[in-house]
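So the structure is just underneath, and the comments pick up after that.
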């Protein structure tokens, strides 16, 4: 491999999904994995197989459907490595292998803490016990899989001399990649770069394996620390799309990739990422997790290439390089080149979606085209961002147990806000209910609750305009929780934000019901397969 090539290891589906409320359905995970493969990601950490049967199934599906062949549109010549995370236990490692073994290039990633604070307060193990456990479990993982990655958790706060000892032992046991995590985002760039340099210089066998970096953003330095580690000799970077993850998140994939590309002459490093797909990946992960991208987010935010200052605008008119260090098209920022309207046909819509990187076929295209026609009747022109929003539901569908058929709302400065909702139930029966609320959205949600009869708590409600103008398509994202379940999110788009709000809420409720049904089926299956207790 080119000594200047940096492997991009994406952990959006594992560490990213650990962000509070960011859980994804299996269908959403598969679609994200496909997008990552087309983006050119080298390694996809598909999940933590031992965490739950659903996580194991998702990893297995990704391994067989994304990790077998190179997907059309990918800049790579090999399918991505599919990786599963495991604690340093035989059960976790065996389950991780069951998850990834269907891939052409499987990897097991196991970890064990090495900082004294973790050893004393979490693991309650001595340093010698940690070395013995790590060595044994890496050896076991290597007996199953030829590609094994080991992470000394909280390496940023670990004693460097102890790190050299642990890492040297796991290399002997068969580790092929050593990942050095700044687990709590504590280090400064010069410290983290020095840590990586020290590991390469002082760990026996370190020059024969790939050194990786995994930095968290607690102090806002995840990307800076990752770059420092790469400049010190690491050749794999663990990142997430939009920087999602535990607490303040991880190093952002798009920021790291564009830093390496934009400052290539200075850094002398490169990746295999097709940067033109970055915005597309960002939008998909945002929608799948329910985490909106801030307008001022570097690279993929709505304002990343916006200029309002008169001085800046003047400079841009004269030469874009005065205030832009990269071009919008370099990262796939939407640039409308074809205006679609109510007279546009199915082929034009299909072609433009494919050009934008959102190909649809069959019934999915039929449904998206029907929604396009409805929108075109209400807008003079349907823009690229509108098309992307309309296609979202078809790319990552939520089970439609309850379907919104009609909604009528009365509200204003006088009278009581009232909503009348008509839903089609799972068996096709139609139900109507009216409710009064503190506002039109509250009234709508109360009417839906009365019909569906699934008590949920609304945790988050976000409204965004997809495009500019008074006729803009509005996107609504909601997050709800039912009982002690993980939170579920829903998404809806419409020029009427109350309708969009109803669609989003109903999508979240349907997801709750779908998970309940899956859990019930799994419980029944487990009951049937479990042996009867001894009498």
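Would you be able to tell me the number of residues in segment 352-372 that are part of a helix (DSSP H, G or I) and either assigned by TED's automatic domain parsing to the domain that holds residue 74 or surrounded by 14 or more Cβ atoms within 10 Å (Cβ to Cβ) (or both)? Please lay out each step first, then the result.
Keep residues of segment 352-372 that are part of a helix (DSSP H, G or I), which gives 352-355, 362-372.
Next cut, either assigned by TED's automatic domain parsing to the domain that holds residue 74 or surrounded by 14 or more Cβ atoms within 10 Å (Cβ to Cβ) (or both) only: 352-353, 364-365, 367-369, 371-372.
Number of matching residues: 9.
Look through 517, 487, 530 and report the one residue that is modelled with pLDDT under 85 and either surrounded by 15 or more Cβ atoms within 10 Å (Cβ to Cβ) or touching a helix residue (DSSP H, G or I) at 6+ places or on another chain (Cβ under 9 Å) (or both). Outline the logic, then answer.
Numbers: 517 fails: either surrounded by 15 or more Cβ atoms within 10 Å (Cβ to Cβ) or touching a helix residue (DSSP H, G or I) at 6+ places or on another chain (Cβ under 9 Å) (or both); 530 fails: either surrounded by 15 or more Cβ atoms within 10 Å (Cβ to Cβ) or touching a helix residue (DSSP H, G or I) at 6+ places or on another chain (Cβ under 9 Å) (or both).
When all the criteria are applied, what remains is 487.
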Selection status of residue 192, in contact with a helix residue (DSSP H, G or I) (Cβ under 9 Å, 6 or more places away or on another chain), modelled with pLDDT of 95 or more, crowded, with 18+ Cβ neighbours inside 10 Å and closer than 30 Å to residue 101 by Cβ: no
Residue among 366, 347 that is over 23 Å from residue 301 (Cβ atoms) and either modelled with pLDDT under 85 or touching a strand residue (DSSP E or B) at 6+ places or on another chain (Cβ under 6 Å) (or both): 347
Exactly one condition in (1) at pLDDT 85 or above; (2) closer than 28 Å to residue 294 by Cβ; (3) touching a strand residue (DSSP E or B) at 6+ places or on another chain (Cβ under 7 Å) is not met by residue 465; state its number. (1)
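For segment 40-65, name all the residues that are assigned to a loop (DSSP other than H, G, I, E, B) and free of Cβ contacts under 8 Å to residues at least 60 places away in the same chain. Don't jump to the end; show me each part of the working.
Restricting attention to segment 40-65, the residues satisfying the condition of being assigned to a loop (DSSP other than H, G, I, E, B) are 40-42, 48, 52.
48, 52, listed by residue number.
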Given the criterion touching a strand residue (DSSP E or B) at 6+ places or on another chain (Cβ under 9 Å), in a helix (DSSP H, G or I) and assigned by TED's automatic domain parsing to the domain that holds residue 489, identify the matching residue among 407, 423, 459, 451. 451
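The values are calculated or read from the model by the stated rules, or taken from the named source; none is laboratory data. Only a predicted model underlies this, so the values are computations on that prediction, with no experimental measurement involved. All Cβ positions, even for glycine, are placed from backbone atoms using ideal geometry, and neighbour counts span all protein chains on display.
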